[in-house]
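The values are calculated or read from the model by the stated rules, or taken from the named source; none is laboratory data. Fair warning: this is a prediction, and the values are worked out from it, not measured in the lab. Cβ placement follows ideal geometry from the backbone for every residue including glycine, while neighbour counts extend to all protein chains displayed.
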Amino acid sequence: MLLLVECLNTLVDHADYFIASWQEGVTIAREVDSAAVGMTFDAYHHQVNEGNLISGLTQDIDLAHHIHIADVSGRHEPGSGEINYLNLLSAAKRAGYDGYIGLECVPTKRDIKATLAPIRQIVDQVNHCE
């Protein structure tokens, strides 16, 4: 069993949430010092609260056991906002991430295939880069 800590943004969605920064979560996970405790890196929340997605994720990639993705603003599907997911996921892969990616968004399209198409293209490109 694995316990994952997730940091949520306090600026838009979760005022007064206990763990608002990636570094706070990292500090907690490192202090617990257990292989059964890790982090969920939620790119949407991180971008809203902190920015610097690539350095935030890659500096502590050993603790990242799951990546949640949604775009800013609006928490919509990748490709609908400001986050460059090709760059972020490529950097995560180069840093050694080989875990799951969870699409945690509010779709702007009714067609699920159309919603998933941009992220499938990005994942395909990341997986085929050397």
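Residue-wise test of (1) among the charged types (D, E, K, R); (2) out of contact with any Ser or Thr (no Cβ under 8 Å at 6 or more places or on another chain); (3) under 29 Å from Ile112 (Cα atoms).
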residue	(1), (2), (3)
Asp16	yes, no, no
Leu53	no, yes, yes
Gln59	no, yes, no
Asp71	yes, no, yes
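Conditions tested, residue by residue: (1) surrounded by 15 or more Cβ atoms within 10 Å (Cβ to Cβ); (2) of a type in the set (Ser, Thr, Tyr).
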site: Trp22; (1), (2): yes, no
site: Thr27; (1), (2): no, yes
site: Gly79; (1), (2): yes, no
site: Tyr97; (1), (2): yes, yes
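Taking helices (runs of 4 or more DSSP H) that fall entirely within segment 20-130, which contain at least 2 residues that are of a type in the set (Val, Ile, Thr)? I'd like the intermediate steps shown before the answer.
Numbers: elements: 22-32, 43-49, 53-59, 85-94, 112-127.
Passing ranges, in order: 22-32, 53-59, 112-127.
Assess whether Val32 counts as being among the β-branched types (Val, Ile, Thr), surrounded by 18 or more Cβ atoms within 10 Å (Cβ to Cβ) and at pLDDT 90 or above. Considered against the rule, which asks whether it is among the β-branched types (Val, Ile, Thr), surrounded by 18 or more Cβ atoms within 10 Å (Cβ to Cβ) and at pLDDT 90 or above, Val32 comes out as no.
Residue check: is Ala70 closer than 20 Å to Ser21 by Cβ, modelled with pLDDT of 90 or more, buried (at least 16 other Cβ atoms within 10 Å of the Cβ) and in contact with a Cys (Cβ under 6 Å, 6 or more places away or on another chain)? Steps first, please.
Working: closer than 20 Å to Ser21 by Cβ: yes; modelled with pLDDT of 90 or more: yes; buried (at least 16 other Cβ atoms within 10 Å of the Cβ): yes; in contact with a Cys (Cβ under 6 Å, 6 or more places away or on another chain): yes.
In short, yes.
Picking from residues in segment 1-19 that are touching a residue at least 40 places away in the same chain (Cβ under 8 Å) and not in a loop (DSSP other than H, G, I, E, B), the one that is nearest to Tyr100 (Cα to Cα) is Leu4.
Which members of segment 35-53 meet the condition of being among the acidic types (Asp, Glu) and buried (at least 22 other Cβ atoms within 10 Å of the Cβ)? Let's see the steps before the verdict.
Restricting attention to segment 35-53, the residues satisfying the condition of being among the acidic types (Asp, Glu) are 42, 50.
Scanning segment 35-53 gives a single hit, Asp42.
Checked against (1) under 30 Å from Asp16 (Cα atoms); (2) crowded, with 17+ Cβ neighbours inside 10 Å; (3) modelled with pLDDT under 95, Asp60 passes all but condition (3). Restricting the first member to segment 95-114 and to residues that are on the phi > 0 side of the Ramachandran plot, and the second to residues that are not in a loop (DSSP other than H, G, I, E, B), the beta-carbon pairs closer than 8 Å and six or more apart or on different chains are Gly96/Ile61; Gly96/Asp62.
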